[in-house]
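Since the structure comes first, as structure tokens, the remarks are kept for the end.
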Amino acid sequence: MKIYRANLIDTPTKDAFRVLYHGYIVVEDTGVIYGTYATLPEELQGFAVEDLGDKMMIPAFCDMHVHAPQYRNMGLALDLELLPWLNTYTFPEESKYKDLQYAERMYRRFVHELWMQGTMHSVVFSTIHYPATHLLADLFIESGMSSMVGQTGMDRNCPQTLSNTTDELVEGIRNLDAYLKEQCPDGRVRTIVTPRFVPTCSDEMMSGLGQIAQELNLSVQSHLSENRNEIAWVKDLAPQAKHYGDAYNRYGLFGQQPTLMAHCVHTDGEELEMIKKNGVVIVHCPMSNMNLGSGMAPIRRFLNEGIHVALGTDVSGGHNMSMLRAIQYAIQVSKFHYGMSGGKTSFLSQSEAFYMATTAGGQFFGKVGCFDKGNSFDALVIDDNYLNYDNYTLEQRLERYFYLGDDRDIKRRFCNGKELCEPAF
Ligand SMILES: [Zn+2]
């Protein structure tokens, strides 16, 4: 049993922060939260308490959409929109991951940066290459962080150097799944079925991926309705599908297994209804949507309709791996919406954005994302002393941290109950 005393702040629901000034959080040896308390109950008196003083303790971040092999391009090459951007900058960079030495050099930096940014849970695209994907999964195992790692499927409309076959991909998924179930029986690092998006995946590949997802009971991730030219192209490529989402749904890749769909900037009508009915989780990536000129996803509307929305950085469409920036931009984009609609919508609140960055993503992993009893203990200790020079409330301190803070303020990181020190890479 471990007991910490700190200023606890989290979002069990999206509508408000839950705060506990100088409260206690009790963690079982299994890494599960036993409870949070304003005063320690009698049965816990006598246990040692680690007092973290006036620091804040918040749930660790969950980045639900990020491309590990685009790490080198982060903050670069943002002068094109999605389709030419992929062909000009992204596919050539991803092709380099055939070289395992290059992959190791970059993936070590990528995993280190997740640690640095306090992103203890991530859902990651790798490339088409099995050896590099396996290596990335090994780095996550070594780091102690939790991740879902997907070998990316692509077999059309892409360079020959960045194309795999359905058989190769299905075999890769099978091998990685078996390996990770043996190495991580607790599911801390898992694989996820990852068709890149409809334009690069033939019907045969989509069908193979749908089958393997169901057979191995794996989650699914992809991209949906990000850009207008992309949507028009999908209409040509999959004329039998009722809408873009249906092009996944026909193959069991749209909520039949737990599914993440990034972007949904232009999702509406029947596609939105299908997302709702199938329980698909939308991953909002505001940084990327702005950088690639894709548009503004109507997140307020999605939330009002009861759709689950989590947050992602989408590096390198997104230019920064900090979930603080994702929170900030999510709020700011929603304010653009508000302004453009003449005030007909309402913009996202601080607690809604924080909820999307922690609890909403965490639920995709299981009992993760807030400090509820029975949840896995995933937390960051934040020293915001330099920002906290007057009588700010905890909510105000967190708000200032969203806008003014960065990774240097994160003093300690916990994942699945274990404190994670800086990886030696
Ligand atoms: Zn993406």
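The values are calculated or read from the model by the stated rules, or taken from the named source; none is laboratory data. If you're wondering where the values come from, they're calculated on a predicted model, not measured in any experiment. All Cβ positions, even for glycine, are placed from backbone atoms using ideal geometry, and neighbour counts span all protein chains on display.
If you check 107, 102, which single one turns out to be buried (at least 24 other Cβ atoms within 10 Å of the Cβ), away from the ligand (no atom under 15 Å from the Cβ) and among the aromatic types (Phe, Trp, Tyr)?
Working: 102 fails: buried (at least 24 other Cβ atoms within 10 Å of the Cβ).
Residue meeting the stated conditions: 107.
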Residue 325 fails exactly one of the following numbered conditions: (1) in contact (Cβ under 8 Å) with a residue 24 or more places away in the chain; (2) basic (Lys, Arg); (3) out of contact with any Ser or Thr (no Cβ under 9 Å at 6 or more places or on another chain). What is the number of that condition? (3)
Looking at (1) surrounded by 14 or more Cβ atoms within 10 Å (Cβ to Cβ); (2) among the acidic types (Asp, Glu); (3) without any contact (Cβ under 8 Å) to a residue 40 or more places away in the chain, find the lone condition where residue 113 falls short. (3)
For the subset of the stretch 56-70 comprising residues that are closer than 30 Å to residue 384 by Cα and over 15 Å from the mean Cα position of the chain (by Cα), which member is nearest to the ligand (Cβ to nearest atom)? 58
Lone qualifier among 190, 228 - being under 30 Å from residue 377 (Cα atoms) and basic (Lys, Arg): 190
State which residue is surrounded by the fewest Cβ atoms within 10 Å (Cβ to Cβ) when the search covers only the stretch 254-273 and only residues that are within 16 Å of the ligand (Cβ to nearest atom) and in a loop (DSSP other than H, G, I, E, B). 266
Exclusive hit being within 15 Å of the ligand (Cβ to nearest atom) and either under 24 Å from residue 128 (Cβ atoms) or modelled with pLDDT of 95 or more (or both), set 81, 50: 81
Do you know which residues across the stretch 51-87 are farther than 21 Å from residue 380 by Cβ and of a type in the set (Phe, Trp, Tyr)? 71, 85
Hey, does the stretch 178-192 have a residue that's within 15 Å of the ligand (Cβ to nearest atom), of a type outside the set (Asp, Glu), free of Cβ contacts under 8 Å to residues at least 40 places away in the same chain and in contact with a Ser or Thr (Cβ under 9 Å, 6 or more places away or on another chain)? no
Restricting to the stretch 35-91, name every residue that is hydroxyl-bearing (Ser, Thr, Tyr) and in contact with a strand residue (DSSP E or B) (Cβ under 9 Å, 6 or more places away or on another chain). 36, 37, 39, 71, 90
Taking the conditions exactly as written (out of contact with any His (no Cβ under 8 Å at 6 or more places or on another chain) and among the acidic types (Asp, Glu)), does residue 372 satisfy them or not? yes
Please go through the stretch 383-407 and give me each residue that is assigned to a loop (DSSP other than H, G, I, E, B) and over 19 Å from residue 119 (Cβ atoms), ordered by number. 385, 386, 387, 388, 389, 390, 391, 392, 393
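From the residues in the stretch 221-237 that are charged (D, E, K, R) and surrounded by fewer than 17 Cβ atoms within 10 Å (Cβ to Cβ), which one is nearest to the chain's Cα centre (by Cα)? Before you say what the answer is, go through the steps one by one.
Just the residues of the stretch 221-237 that are charged (D, E, K, R), to begin with: 226, 228, 230, 235-236.
If we keep only those that are surrounded by fewer than 17 Cβ atoms within 10 Å (Cβ to Cβ) as well, we get 228, 235-236.
Working: 228: 24, 235: 28, 236: 30 Å.
Result: 228.
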Considering residues that are touching a helix residue (DSSP H, G or I) at 6+ places or on another chain (Cβ under 9 Å), over 22 Å from residue 314 (Cα atoms) and part of a helix (DSSP H, G or I), the number found within the stretch 325-360 is 1
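Every residue, every condition in (1) within 16 Å of the ligand (Cβ to nearest atom); (2) not charged (D, E, K, R), yes or no:
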{"residue": "297", "(1), (2)": "yes, yes"}
{"residue": "301", "(1), (2)": "no, no"}
{"residue": "304", "(1), (2)": "no, yes"}
{"residue": "307", "(1), (2)": "no, yes"}
{"residue": "310", "(1), (2)": "yes, yes"}
{"residue": "316", "(1), (2)": "yes, yes"}
{"residue": "319", "(1), (2)": "yes, yes"}
{"residue": "324", "(1), (2)": "no, yes"}
{"residue": "329", "(1), (2)": "yes, yes"}
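Name every residue in the stretch 201-220 that is without any contact (Cβ under 8 Å) to a residue 60 or more places away in the chain and under 18 Å from the mean Cα position of the chain (by Cα), in order of residue number. Let's see the steps before the verdict.
Going residue by residue through the stretch 201-220, those that are without any contact (Cβ under 8 Å) to a residue 60 or more places away in the chain are 201-218, 220.
Once the filter is applied, which keeps residues that are without any contact (Cβ under 8 Å) to a residue 60 or more places away in the chain and under 18 Å from the mean Cα position of the chain (by Cα), the stretch 201-220 yields 218, 220.
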Of all helices (runs of 4 or more DSSP H) fully inside the stretch 63-179, the set with 3 or more residues that are of a type in the set (Ser, Thr, Tyr) is 130-143
Any pair with Cβ under 8 angstrom, 6 or more apart, that starts in the stretch 288-300 at a residue that is over 15 Å from residue 344 (Cβ atoms) and modelled with pLDDT of 95 or more and ends at one that is within 15 Å of the ligand (Cβ to nearest atom) and acidic (Asp, Glu): 288/314; 289/226; 292/81; 292/226; 293/81; 294/81; 294/226
